[in-house]
Amino acid sequence: KRRDIPLHMWDLNTKLVLVTTLSILAGGSAAFFVLEYDNTLAGMTLWQKMSQSVFNSLIPRSAGFASVNPADFLPLTLLLVIVQMWIGGASQSLAGGIKVNTVATVLLNVRSVLSGGTRPWAFGRRLSVNSVRRANSVIVLAIVSFIVILAILMYFEPHMSIKAMVFEVSSALFTVGSSLGVTAALSAPSKIALCVAMFIGRVGIVSIL
């Protein structure tokens, strides 16, 4: 047995998923705690506020549970939640979104471009060109799908607030299940559009194509 070959207990993908997931969870929890401290978390004990912040930083990336009413969130908090919905979980999980693997790959590629490197790297290992191309494609297709479905809702629901429609489309396309309470008020074409968004988000845009 050769001893000069390094042993990798965790592969590169596992490391990227763990680091990115923990970073998003820590940043999201802290941001939620600060933003909603005197809003939806008002009247709770410090421990309750902390646990609620962690919980509400997790659920937009995996499931549509609601321990506090999303309709009462501050606009900046809603933006934070939508970004977390967009990111989602790891590609090995059942969560939706573009996946933390994709986000990590794209950010590493940006770092490589800004530093003048030829290829992105992390933990002493280089990412393949195919991985970067696939990550870029997923992000572009997710943005295009989001814009198209949002445009459909804006056409059929001209009197509904843009905030509610953006949240509904994000929740459907990235398979979260949360709502600001306006789903029942949507017309039939808008509901069909959201069903299509759920199907696209669950199967995956690249897989469908």
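Mind pulling the angle between the C-alpha long axis of helix 100-114 and the longest principal axis of the chain? Nearest 10 degrees, somewhere in 0 to 90.
60
How long are the semi-axes of the equivalent ellipsoid of the stretch 1-101, taking √(5λ) for every eigenvalue λ of the Cα gyration tensor, in whole Å from largest down?
Working: eigenvalues 223, 44, 20 Å².
So the three semi-axes of the stretch 1-101 are 33, 15, 10 Å.
Against the globular-protein guess of 2.2 N^0.38 Å, express the Cα radius of gyration of the stretch 68-138 as a ratio, rounded to two decimals.
Rg over 2.2 N^0.38 Å, computed on Cα atoms: 1.37.
Which FRET efficiency value, to the nearest 0.05, do you get for S137 and T183 by plugging their Cβ-Cβ distance into 1/(1 + (r/R0)^6) with R0 = 22 Å? Could the numbers behind the result be given before it?
Details: r = 30 Å, r/R0 = 1.37.
That pair, S137 with T183, gives E of 0.15.
What net charge is computed for the residues neighbouring K49, neighbours being all others with C-beta under 12 Å from the C-beta of K49, Lys and Arg scored +1, Asp and Glu -1?
Numbers: positive: none; negative: E36, D38.
Combined, the nearby Lys, Arg, Asp and Glu give -2.
Have a look at the chain and give its Rg and Dmax from the Cα atoms, expressed in angstrom.
Cα radius of gyration and Dmax of the chain are 19.1, 71 Å respectively.
What relative contact order, as a whole-number percentage, does the chain give when Cα pairs under 8 Å and 6 or more residues apart are counted?
On the way: 251 pairs, mean separation 40.0, N = 209.
Over the chain, the number comes to 19 percent.
Compute the long axis of helix 188-203 from its Cα atoms, compare it with the longest principal axis of the Cα atoms of the chain, and write down the angle in degrees, 0 to 90, nearest 10.
So the inclination is approximately 20 degrees.
With angles folded into 0 to 90 degrees, how steeply does helix 46-58 sit against the dominant principal axis of the chain? Use alpha carbons for both and round to 10.
Around 80 degrees separate the two axes.
If all Cα-Cα distances of the stretch 122-209 are sorted into 5 Å bins from 0 onward, what percent lands in each bin, rounded to whole numbers?
2, 14, 24, 21, 13, 9, 7, 5, 3, 2, 0
When a/c is below 1.5 the answer is rounded, else prolate if a/b is larger than b/c, else oblate, so apply that to the stretch 168-209 with a ≥ b ≥ c taken from the square roots of the Cα gyration tensor eigenvalues.
Oblate, because a/c is 1.5 or more while a/b does not exceed b/c.
Read the figures in this text as sums done on the coordinates, not as results from a lab. None of these values were measured; they are calculated from a predicted model. Here Cβ is always computed from backbone atoms with ideal geometry, including for glycine, and neighbour counts include all displayed protein chains.
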